[in-house]
Structure formats: structure tokens, C-alpha cells
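Below: the structure, in C-alpha cells.
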Amino acid sequence: MYTVKHTKKFGKAGMLGYFLKGCRLLFAVSIISSLVTTFINVVIPQVISFAIDSVIDDVPPEGLFAKFADMFGGTGWLKAHMWALAAVIAGLALLMAVSQYCVTYFNHRANQALMRGMRNKLFSHIQRLPPGWHSAHQTGDIIQRCTSDADAISNFISNQLTSLVRIVIMVALSLTLMFMMDVKLAAVASAFIPVLMAYSLVFYSKAGKSFKKCDEEEGVLSSLAQENLTGVRVVRAFGRERYERDKFERQNVYYTGLWVHIEKFLAAYWTTNDFLAALQCMLLIVVGTVFCLDGSISPGDLVAFISYNTMLMGPVRQLGRIISNMSRAGVSIARIGEIINAEEEVYGEAGALSGDIEFRDVGFWYEEGKPVLKGVSFKVPQGSTLGIIGGTGSGKSTLMYLLDRLYDAKEGVITIGGRDIRDIPPATVRANIGFVLQEGYLYSGTIAENISAAVEGAGTDAVVHAARTACVDENIRSFASGYDTVVGERGVTLSGGQKQRVSIARTLLRKTPYIILDDSLSAVDSDTDAAIRAALAKEYGGATVILISHRITTVMHADNIIVMENGGIAEAGTGSELLKREGIYRRIYDMQMSLPEDLKGEAGYEE
Ligand SMILES: Nc1ncnc2c1ncn2[C@@H]1O[C@H](COP(=O)(O)OP(=O)(O)O)[C@@H](O)[C@H]1O
Ligand SMILES: [Mg+2]
């Protein structure tokens, strides 16, 4: 028995915290450096103002600057030694350069750590999600979530969030200092700030929709290209190049048009924005000069005001973009949340299973209202062989998925050795069942690696032995590099039958007490089929074997045979019993046995 461990569920903030684990300190250093930079940025205009007013001119300094001047022996001394002031400014600039360096460096490090952690967390979580989840989600969509959405989240944390903190502090500090210097002029200097903020906010939330549209259309364009590349043979064979090219071109033109439209929009935005910023600056200079002339502010203050004004324009205009992007990040967080919060399969200790397999009244559907299996009951005694025969779509593979706990039965019970398999962790069930799937899959790598994939540290002898049992050893040796032949996407293409036999060898190497061959001999000829079954019986005599096939000769010698039809068992018994019954099995038998050798297995079903 094992205890169920439920996947931890996260809210949006909780999930950010989870991803940030391990890189919080780096982000903290980056943010603190950023605050230091901001602080120096805000202080420098004050020093310049002091230099103009109290050193060049003769206005007596106040507050902190009075203490500062005293430190150097009064403004008189500073006047005689202007370099001291220059040195202070240079010192501040140097400090700012160092802190700016720290901002960039630590931010990048933190971001890389964040991305690495996020990729690992997502990948290992997805690995543990049940096959039912995988079949309900498209691969492209999962990949998009793990790339684009993960990027959006890391961008949100490392870019937007830190910028937001910096901007808010910068605006608050500068405004406070400006209002302390002169309330009226500060009001003038900040007059356009709300306007600029509102304008950029409205613009970016509108533009966000257009950007999203562009993203989607780009997706359409790339899937068009992808479809075309994967179907290149069909396209050529049917002479559809022109049609495909036109289709691609239409989408391409549409997509390009969207970008041109956005750029037009962006150009209008930035020019208007620049114009508003220039207006603000002009207003400040005009009013400031008037104030300066009538003596209500000093020239130094005016210079400081102009510095703050210039300094604030950029960040204020960025703010709208940041805030609108933040809402996009919210969408990404929700999309990643759907993955992170999906329930993982339970992994437990892999113990050995033994005993009979029994299905009792098993029912199953992939989609509500469309039953795929109903009321299926049968028993496979330990050590015996069961043959399953039936038309495409009759539910044979699904039956085996349930046994392997790739999905769980919706009705009824499946037991192994009397234990309900729902009480056995999926990993344990699968460790005991060698399942050769109908659609064989080879990893990119050598044939030897493919065969030993499921068994760590398998020796060459064991690999060759498994290949021999699966009747593929000779084929492999006929390749120039033998067992080191690279297969998979970039390697040699194996024939369907060779692929099936490599998959069988991989499963046999695991030496499991239960073996399922789901239509795994369909692409090999009848003689090889028979040779593999004979080798299996000899080598794995103690194993419980389930053979699924279209070919009557594959299943006819099994201890028991079931005939599947429309998700139920139509007939069951031994080969000779079924022949006597004169039912479906008999009909298939007669049709296939009367055919020439190479067509056996092809007839018998109205497909
Ligand atoms: N992942 C799936 N989602 C929805 N329907 C499925 C899925 N896999 C199989 N089916 C449907 O279940 C039925 C049985 O399929 P399957 O078990 O593969 O039959 P068989 O192996 O006998 O050909 C078919 O109608 C098929 O379309
Ligand atoms: Mg099948």
C-alpha cells in the first residue's frame, strides 16, 4: 500500500514564489543596486544646483549642504578649489557606474537562475503527468506554454517588476525634492506626468491586443509551413505545390500587413509622445525662467528642475508599457498554472507483481457519452498466453492502456494477483508489464541505446540476446555500424517491421513477468512472426503474454482468445472452441486461411 501525495496547488503569487526559490537573493542584490543607482541619479542635480548657487553664486547653503560645505571648510574654500566639487560629482558618477554594473550583472544571473529553475520544474512536472492529461493537451500548446509563457514570466519578474520598483521610487524621490525646492514650479514640472502616463497606459493596453493578434497569426503561419514540410511527399505526389504556395503567401501577406499596421500605430504614438514631452520641457523652461527672473527660485534650482524633468520623461513613458505588459504576464502565469497545478501521477516503490490478470465488468470512455469499452470481463491465468483479435477501433489498445494504468477504468475493476491495480502505483504496474506499443517509437541514438533504454547498465550480451529473441539481430548486423547504427530523426530510417522488432527487443530486455505485444508483429511476415512467438515461448515461458493482432495465425495458438467488437467481447475461448462455434472468429479464420500467404491478416474485417 502507498499513500496518495497530492500535487501542491499554487495561486498566482504562490507560483511566482515557487519559481523564485533559489534566486531570491540574486534578485534582492539587483534591486538594492538599482535603488542605489536611482538614489545617486536623484542626488546629482542637487549637487549641481548647490554648485551653481552657493559656489559660483553666493547664496548661503541650507540644511545638509551647509554641513557638506563646512566639511570642506566653507563655500569660500570650495570656490577656490572647484576641483573638489568636480571630484565629488565624479565620485558619485563612478559609484553609479558600479551600482549600474551590479544591477545588470545580478539581474542577468538571477534571470538565468530563474529560467533554469522554471524549465526544470516544468519539465519534471510534465514528465509525471498522467497520459490522460497529455492526450487532452496538444504538444504544440504545451511547448508554447513552456517557452513563450515561461519567457513572459521571467521577463515580468526580472524586467518589469524591478523596473516598476525603480521607477516608482525615482518618481517619488524626484517629485518630493522638486516640491521641497518650489511647490509652484514643481506643479508645472509634473503637469504632464499624469497625461503621459494615462496616454501610454491606454495605448499599450490597446496595442497589446494587436500584438497578441500578431502572435497568433505567426503561429498560423509557422504551422502552415510545418504541415507542408511534414507532408512534403503528399504535396509533391499530388502536385499541390502551387496551391500550398498560394495558401502560404496569403497568410504571409496578411501577417506582414498586421505588423505594418502596428508600426504605423507605434510611430504615431511615439511622435505624439515626444511632442507632449517637449511641450512639458518648454513649459518648465518658460515658467522656470520667469520665476528665476523675479527671484522666486535660484538658477541652480532651475537647472535641477530641468534635470529632473529630463530624467523623469523616459521612465514615466515606460510605465504604461510595463503596466500593460504586466496584465499579459498575468495571462501567462495562469497558463503555466494550468500545467503546474495539474495532478501528478503517484510514484512509489517498484515491487514485483505476480498472479492472474482479471478484468471485471470494465467500462471506459475518453469522452463523456462515447463509451469505448463496456462490460468487459476476462481472466488471464499466470503464465498463460491470451490472444486478442478484433477490428480497428474495437478497443483492443485501450484495454491494454487500462491494464498498464496509462488510464484508469471508469467502471469495473482490474486486478493483478487479486490486487485492484488502482491500489498499485502506476510506476510499479509499468515496471512489471513489458508493453510494446502499437506505434513503435525509437529515440534518437544508436540501436544498442534504443534496446537498452529501459534497463540501466545492460551489457552487450543481454542486448544482443534480446535482439536475437526478437529476430532482429541479423538485420542489425547487416548495417555497416551494426548495433552502433544511429536511428531516429537524424539517423538511418528503419523499416516498419525492423522498428517493431527493435521495440520488442527493448521490452524483452526488461524481463518483466507480463508482456503485451499490441499489434507489434503487423509489419513482419508470418514466418518471422512465428519465429518470434516460438522464441518468446522458449525464453519467456513463465511470463504471462497478451498478443494483440489482426492476423489469425498470430493468436490462434494462444491458450485463450478473445474477439473484440465495438468495445465488448464478442466471443471468447480456445482456438478450437471458437472454430467450432461458427461465429466471427470462424469467419475471419476461413477468410484469412484461404488467402495467399502474404495477404493473410489483411482480410476479415470491413474496415
Ligand atoms: N486518446 C484518445 N482519445 C479519444 N478517443 C480515443 C483515443 N484513443 C482511442 N480512441 C478511440 O477509442 C476507440 C478504441 O480505440 P483503440 O483502443 O485504439 O482500438 P484498437 O486498438 O482496437 O484499434 C476508437 O474509437 C478510437 O477512436
Ligand atoms: Mg490498437
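Points worth noting:
- Selection from the range 453-477 of residues that are open to solvent by 80 Å² or more (accessible area, probe 1.4 Å) and over 21 Å from Lys538 (Cβ atoms): Glu456, Gly457, Thr460, Arg477
- Filtered residues of the range 434-476 (kept if within 16 Å of ligand 1 (Cβ to nearest atom) and touching a helix residue (DSSP H, G or I) at 6+ places or on another chain (Cβ under 6 Å)): Val436, Gln438, Gly440
- Residue in the range 554-567 that is within 13 Å of ligand 1 (Cβ to nearest atom), open to solvent by less than 50 Å² (accessible area, probe 1.4 Å), farther than 18 Å from Asp518 by Cβ and assigned by TED's automatic domain parsing to the domain that holds Lys370 present: no
- Selection of the range 391-421 for residues being at positive phi and near ligand 2 (Cβ under 9 Å from one of its atoms) yields Gly393, Gly395.
- Helices (runs of 4 or more DSSP H) enclosed by the range 44-131 - at least 3 residues per element that are at pLDDT 85 or above: 82-127
- Filtering the range 575-590 to residues that are touching a strand residue (DSSP E or B) at 6+ places or on another chain (Cβ under 8 Å) and among the small types (Gly, Ala, Ser) leaves Gly575, Gly583.
- Qualifying residue in the range 379-399 (condition: of a type outside the set (Phe, Trp, Tyr) and under 29 Å from the mean Cα position of the chain (by Cα)): yes
- Sub-6 Å Cβ pairs linking a first residue in the range 381-397 that is in the same structural domain as Met556 (by TED's automatic domain parsing) and open to solvent by 10 Å² or more (accessible area, probe 1.4 Å) to a second residue that is assigned to a strand (DSSP E or B) and within 15 Å of ligand 1 (Cβ to nearest atom), at least 6 apart or interchain, are Lys396/Ile388; Lys396/Gly390; Lys396/Ile548; Lys396/Met564; Ser397/Asp518, ordered by first then second residue.
- Any chance Gly73 is more than 55 Å from the chain's Cα centre (by Cα), loosely packed, with under 13 Cβ neighbours inside 10 Å and on the phi > 0 side of the Ramachandran plot: yes
- Helices (runs of 4 or more DSSP H) fully within the range 137-245 that include at least 3 residues being open to solvent by less than 50 Å² (accessible area, probe 1.4 Å) and among the β-branched types (Val, Ile, Thr): 162-181.
- Residue match in the range 356-375 (condition: more than 18 Å from Ala570 (Cβ to Cβ), touching a helix residue (DSSP H, G or I) at 6+ places or on another chain (Cβ under 9 Å) and either within 16 Å of ligand 2 (Cβ to nearest atom) or of a type in the set (A, V, I, L, M, F, W, C) (or both)): yes
- Residue within the range 478-498 that is within 16 Å of ligand 1 (Cβ to nearest atom) and either modelled with pLDDT of 95 or more or crowded, with 18+ Cβ neighbours inside 10 Å (or both) present: no
The values are calculated or read from the model by the stated rules, or taken from the named source; none is laboratory data. Nothing here was measured: the structure is a model prediction, and the numbers come from that model. Cβ sites come from the backbone with ideal geometry, for glycine too, and all protein chains shown count toward neighbours. Accessible surface areas use protein heavy atoms only, side chains included; no ligands, DNA or RNA. Shrake-Rupley method; radii C 1.70, N 1.55, O 1.52, S 1.80 Å.
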